[in-house]
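Asker: Once you've had a glance at the structure underneath, I'll fire off some questions.
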Amino acid sequence: MSTNPAVEVTAPSPVVPTHDPKEIKQIEKTINKESKSDAKQLKSAEKTAASNSKAEAKAAKAQLKAEKALHKAETKELKYKKGLTRSQEKYNKQVAVLQKAQEKVTAATQEHQRLIASKSETGHTLAATKQAVEQNEAQRQATLSSVAA
């Protein structure tokens, strides 16, 4: 089992080798049930990882857009500042736009950093789930081999 509490991959049931057909059928049924459960958990972890990856890409795009808007706002702010004596009102309006753009950049950057951290954690969860599923499958195969022998 993994140490990550979000991953709850079930460990294969311990099996005592036997040659009774009913017991073998029950063992196979239990193994199939565990295998399906592991597959569901793996699919869920992969879906979460893909979703987080998309959200991170969207946040990165939003951050770039916000930075472009900030640069544009800074350029305009400088232009209006030079003509301050002739256009004090325009300058004051653009300062407000600049502040909003800076807030958007800050918000977008924070969201991007949060999603990067979440993506990394999801990647670790996915890797742990895959490893647990592989170990369980190997153990099931070994169990089937010992039961069938």
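Asker: Rolling a 1.4 angstrom probe over the protein chains, ignoring ligands and nucleic acids, what is the accessible area of residue 124 in square angstrom, nearest 10?
Answerer: Rounded to the nearest 10, that gives 130 Å².
Asker: Whole number please: convex hull volume per residue, Cα atoms of the range 91-149, in Å³. Intermediate values should be presented prior to the final figure.
Answerer: Numbers: hull volume 2.5 nm³, N = 59.
Given the Cα convex hull of the range 91-149, per-residue volume reads 43 Å³.
Asker: Can I ask one more? With each run of n ≥ 4 DSSP H residues scored as -39500 (n - 2.57), what mean residue ellipticity at 222 nm is computed for the chain after dividing by its residue count and rounding to the nearest 500 deg cm²/dmol? Don't jump to the answer; show the numbers that get you there.
Answerer: Numbers: 2 runs with 123 residues, N = 149.
It comes out at -31000 deg cm²/dmol, rounded to the nearest 500.
Asker: At a probe radius of 1.4 Å, what is the per-residue accessible area of residue 58, in Å² to the nearest 10?
Answerer: 150 Å²
Asker: Let me ask you something else. If the reach is capped at under 19 angstrom between alpha carbons, list the aspartates and glutamates near residue 100, excluding any in the same chain fewer than eight residues apart.
Answerer: List returned: 67, 74, 77, 89, 111.
Asker: At 1.4 Å probe size, with every protein chain present, just tell me what the per residue accessible area of the chain comes to in Å².
Answerer: On the way: 10820 Å² over 149 residues.
About 73 Å² of surface per residue is accessible.
Asker: Leaving ligands and nucleic acids out of the surface, order 97, 105 by accessible area at 1.4 Å, largest first.
Answerer: On the way: 97 70, 105 20 Å².
Heavy-atom accessible area, descending, gives 97, 105.
Asker: Helix 88-148 versus the longest principal axis of the chain: what is the Cα-based angle in degrees, 0 to 90, to the nearest 10?
Answerer: Taking Cα atoms only, the helix is inclined about 10 degrees.
Asker: Something else: Taking 4 °C and 1.567 mPa s as the conditions, I'd like the Stokes-Einstein D for the chain in µm²/s, using the Kirkwood hydrodynamic radius from alpha carbon pairs. Working shown, then result.
Answerer: Values: Rh = 19.8 Å.
Translational diffusion coefficient: 65 µm²/s.
The values are calculated or read from the model by the stated rules, or taken from the named source; none is laboratory data. Treat the numbers as computed from the prediction; the structure is a model and nothing was measured. What goes into the accessible areas is simple: the full protein's heavy atoms, side chains included, and nothing from ligands, DNA or RNA. Shrake-Rupley method; radii C 1.70, N 1.55, O 1.52, S 1.80 Å.
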